[in-house]
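Single-structure report; data block below.
Computed from the coordinates by the stated procedures, all read-outs in this text should not be read as laboratory data. Here the structure is a predicted model, which is why all the values come from computation and not from measurement. For neighbour counting, all protein chains shown are included, and Cβ atoms are generated from backbone atoms with ideal geometry for every residue, glycine included.
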Amino acid sequence: MNRIPKWRVVACALAVMATLEICARVDDWLSFRAPLASRYGFELLYANDQLGRTGAPHAKFERFTLNSLGYLGPELRTGTIRIACIGASETFGTFNSEDKEYPRQLERLLNQAMETNSVQVVNASMPGNSLHNDLKRFPQLVDRVHPDIVVLYPSLAIFGWAVVEAKLQEQRKTRLQPAKTTGPPPRPSLARRVAGRLIRTPRAMIARVYVFLRYKLLAFSPTPPMLRLDRKSTDVWNRLEPRAVSALRFKASIRFEQWRTRTFFPHISDDAAPMFRKDLLAAIDVFESRGIRVVLASHANSITPSGDPFELLRWSTYYPYTNTAGLLELENRLNEVMAEVARERGALFIDTAHRIPKDPRLFGDFVHFNDEGAAVMAQLLAAELRPEIEKRLADRANR
């Protein structure tokens, strides 16, 4: 029996991969009129400016099309009452059909209810945004959009990352401060120094390689290798992967991230609450100083402590800095902070966290609305905002 040359096996494998890659690109072109030869991925929606990461003007990926200001949706219209919805991927609508994210549905509901076309809702959100990082961009948003009303629907678990970074910076400063001793610190033994180096060096090397591959080479570098086959095969695998295999992968991912970053805070809400309160007050100051009405909406999710353990585990993979109990505690505590701040400052508070049922049929996953959930969210906001809109329309008519 003749042995097949290795080069032929490699050539056949490359030919199969090339054929599948071409098919993936043709599928993107047929579905979304995506370019065949150039890059095509979700990262095309992002750009960087002097304030950090933001939406790229006129960017398009699949069903998402950004306007000239880098916001999802149509261009701004003149002579309208403008509502700016600020948040993260929940507001952006990553799990929604085209024009079914709750800001778009809110605009349609308000205009239909008042038989007008004078209300425009601007989706001023991007996936991954947090209130802490958005603070420096709010003055720019006001100058660009000139909103009459701002709806803040912040992603609370994403805010946790800002808390983690603040705690890590505090720890680094503490380590750099010289110890207050009367004499020179005792020199550790040779065995202890060698053991410490053997533990720290592999961890640091693995962390650096991981960060380079994920965040520099493969993510947002100027010319990353963009294989459509990789993205599509990942989507297929995520749908077909057995739950038991997914659970093992999630656990391994969480443990690796905690080991790599050396971060685990089971009660992160204790540190997050005062920091969130400070940022929320600063955001309200920015808008109210410009005569803009502020609306705070608590963050809804479909997670319960007695819910599906698999969904709880999957939720934790995105936020490995704590456990599922810590995430639920964080959500509940920061929602309470929003209610407290709204009472203190006279802002309109809409308790969507309790008024939207924890029904999986309303969510695409644990926190992102599907089309039905976005409709419920839009209805709640429309009912609360309608009196304010009617008053502003009447004031304009009497001028």
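Can you compute 3J(HN,Hα) from phi for each residue in segment 5-19, using the Karplus curve 6.51 cos²θ - 1.76 cosθ + 1.60 with θ = phi - 60°, rounded to whole Hz and x for Gly and Pro?
Calculated HN-Hα couplings, in order: x, 4, 5, 6, 4, 5, 5, 5, 4, 5, 5, 5, 5, 5, 5 Hz.
Using alpha-carbon pairs under 8 Å, 6+ residues apart, how would you state the relative contact order of segment 267-363 in percent? It would help to have the intermediate numbers written out before the result.
On the way: 97 pairs, mean separation 43.4, N = 97.
After rounding, I find 45 percent.
Taking only C-alpha pairs under 8 Å that are 6+ residues apart, what is the relative contact order of the chain in percent?
Details: 507 pairs, mean separation 74.6, N = 399.
Averaging sequence separation for qualifying contacts and normalising by length gives 19 percent for the chain.
Cross-link list K60/K136; K60/K251; K167/K278; K60/K232: which exceed 27 angstrom alpha carbon to alpha carbon? All intermediate terms of the calculation are to be shown ahead of the outcome.
Details: K60/K136 25 Å; K60/K251 34 Å; K167/K278 16 Å; K60/K232 18 Å.
Long pairs (Cα-Cα over 27 Å): K60/K251.
Of G73, G326, G307, which is the most mobile in a GNM of the chain whose springs link Cα atoms less than 10 angstrom apart?
G307
Quick one: Y46, Y102, Y40, fewest Cβ neighbours within 10 Å first, how do they rank? Don't jump to the answer; show the numbers that get you there.
Numbers: Y46 18, Y102 32, Y40 21.
By the 10 Å Cβ count, ascending: Y46, Y40, Y102.
For a quick check: with amide H placed at 1.01 Å from N, whose amide H comes under 5 Å from I81's, ignoring anything fewer than 5 positions away on the same chain?
V119, Q120
Give me a comma-separated list of calculated 3J(HN,Hα) values for segment 291-305, in order, Karplus coefficients 6.51, -1.76, 1.60 applied at θ = phi - 60°, integers in Hz, x for any Gly or Pro.
Computed from phi, the couplings for segment 291-305 are x, 9, 6, 9, 10, 10, 10, 5, 8, 8, 8, 9, 8, 10, x Hz.
Quick one: the Cα spread of segment 44-143 along its three principal axes, in angstroms, biggest first?
41, 29, 23
Scan around A47 for amide H atoms under 5 Å from its own, H built in the peptide plane at 1.01 Å from N, and keep only partners 5 or more places away or cross-chain.
Residues meeting the amide H criterion: T54, G55, A56.
Just to confirm the filter: which GluC sites (Glu not before Pro) across segment 1-108 are DSSP coil and have at most 15 other Cβ within 10 angstrom of their Cβ?
Numbers: sites: E21, E43, E62, E75, E90, E98, E101, E107; in loops: E62, E75, E98, E101.
The qualifying sites are E62, E75, E98.
Using only the alpha-carbon atoms of segment 322-399 as identical scatterers, what base-10 log of I(q)/I(0) does the Debye formula give at q = 0.17 Å⁻¹?
With one equal scatterer per Cα and no solvent, log10 I(q)/I(0) is -0.85.
Of the residues G52, G128, G93, which exhibits the maximal mean-square fluctuation in a Gaussian network model of the chain defined by a 10 Å Cα contact cut-off?
Highest fluctuation among the options: G52.
Would you mind checking which residues have amide H under 5 Å from G364's amide H? H placed 1.01 Å from N; only 5 or more apart, or other chain.
It is F369, N370, by chain and number.
Give the shape of segment 4-62 as rounded, prolate or oblate, defined through the alpha-carbon gyration tensor: a ≥ b ≥ c are the square roots of its eigenvalues, a/c under 1.5 means rounded, and otherwise the shape is prolate if a/b is larger than b/c and oblate if not. Present the calculation step by step, with values, prior to reporting the outcome.
Values: a/c = 5.87, a/b = 2.25, b/c = 2.60.
Oblate shape, in that a/c is at least 1.5 and b/c is the bigger or equal ratio.
Given 10 Å bins starting at zero, what is the percent of C-alpha pairs of segment 213-371 in each, up to the one with the largest pair distance?
Percent of pairs per bin, in order: 9, 27, 32, 24, 9, 0.
Give a residue-ordered list of calculated ³J(HN,Hα) values for segment 143-158 (Karplus: 6.51 cos²θ - 1.76 cosθ + 1.60, θ = phi - 60°; whole Hz; x for Gly, Pro).
Ordered by residue, 3J(HN,Hα) equals 5, 7, 9, 6, x, 8, 9, 10, 9, 9, 10, x, 7, 7, 5, 5 Hz.
Order of E170, E257, E115 from fewest to most other C-beta atoms within 10 Å? List each step's numbers first, then the result.
Working: E170 11, E257 18, E115 6.
Neighbour counts put them in this order, fewest first: E115, E170, E257.
Based on other C-beta atoms within 10 Å, arrange F369, F42 from fewest to most.
F42, F369
Return the percentage of antiparallel bridges among DSSP beta bridges fully within the chain, rounded to the nearest 5 %.
On the way: 9 of 26 bridges.
The answer is about 35 percent antiparallel.
Which log10 I(q)/I(0) values does the chain give at q = 0.11 Å⁻¹ under the Debye formula, counting every alpha carbon as one identical point scatterer?
-0.94
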